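The values are calculated or read from the model by the stated rules, or taken from the named source; none is laboratory data. Since this is a predicted model, take the numbers as computed values, not measurements. Here Cβ is always computed from backbone atoms with ideal geometry, including for glycine, and neighbour counts include all displayed protein chains.
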């Protein structure tokens, strides 16, 4: 068995969008920008690069994330990573960086807002610190959830 695990810290690039699959399962999608500064060795100048990740959150976590997160919110996302190739309207090939989140933690301090949206009760990370989720490394979710996306 193989799987890809990823953690990112970045800022939401747009407000989350909550939708429901045809069978009524909630899913929230948002994008996260991760900035990285590197020093150009030839010019000695700092260069900033941004990577964009498409994040999907499922179930009760999806509804809480849609209610509490907004564009610009700084988040930590922990989940499974997948790349998808696509073709643009003008025929160029592109690569989408996608995360199915097990945990989304708001790093912004906001009064009255819940901070963690995870698969475990009480906001604890699924499976506890460093461990897999309730049914192994996939957190009890199966491959069909990506195919259930209504968009």
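Here are a few things to note about the model shown:
- Residues that are free of Cβ contacts under 8 Å to residues at least 24 places away in the same chain number at least 2 in the following strands (runs of 3 or more DSSP E) confined to segment 1-49: 26-39.
- So residue 69, is it touching a residue at least 40 places away in the same chain (Cβ under 8 Å), under 22 Å from residue 109 (Cβ atoms), surrounded by 14 or more Cβ atoms within 10 Å (Cβ to Cβ) and within 15 Å of the chain's Cα centre (by Cα): yes
- Hey, residue 20 exposed (fewer than 10 other Cβ atoms within 10 Å of the Cβ) and in contact with a strand residue (DSSP E or B) (Cβ under 9 Å, 6 or more places away or on another chain) or not: no
- Meets criteria (touching a strand residue (DSSP E or B) at 6+ places or on another chain (Cβ under 9 Å), closer than 20 Å to residue 108 by Cβ and not in a loop (DSSP other than H, G, I, E, B)) for residue 83: no
- Filtered residue count, segment 54-64, keeping only those that are part of a strand (DSSP E or B) and within 18 Å of residue 108 (Cβ to Cβ): 2
- Residue match in segment 31-53 (condition: touching a helix residue (DSSP H, G or I) at 6+ places or on another chain (Cβ under 8 Å) and surrounded by 12 or more Cβ atoms within 10 Å (Cβ to Cβ)): no
- Annotation note: of 91, 139, 122, 130, the sole residue that is part of a loop (DSSP other than H, G, I, E, B), at pLDDT below 50 and over 15 Å from the mean Cα position of the chain (by Cα) is 130.
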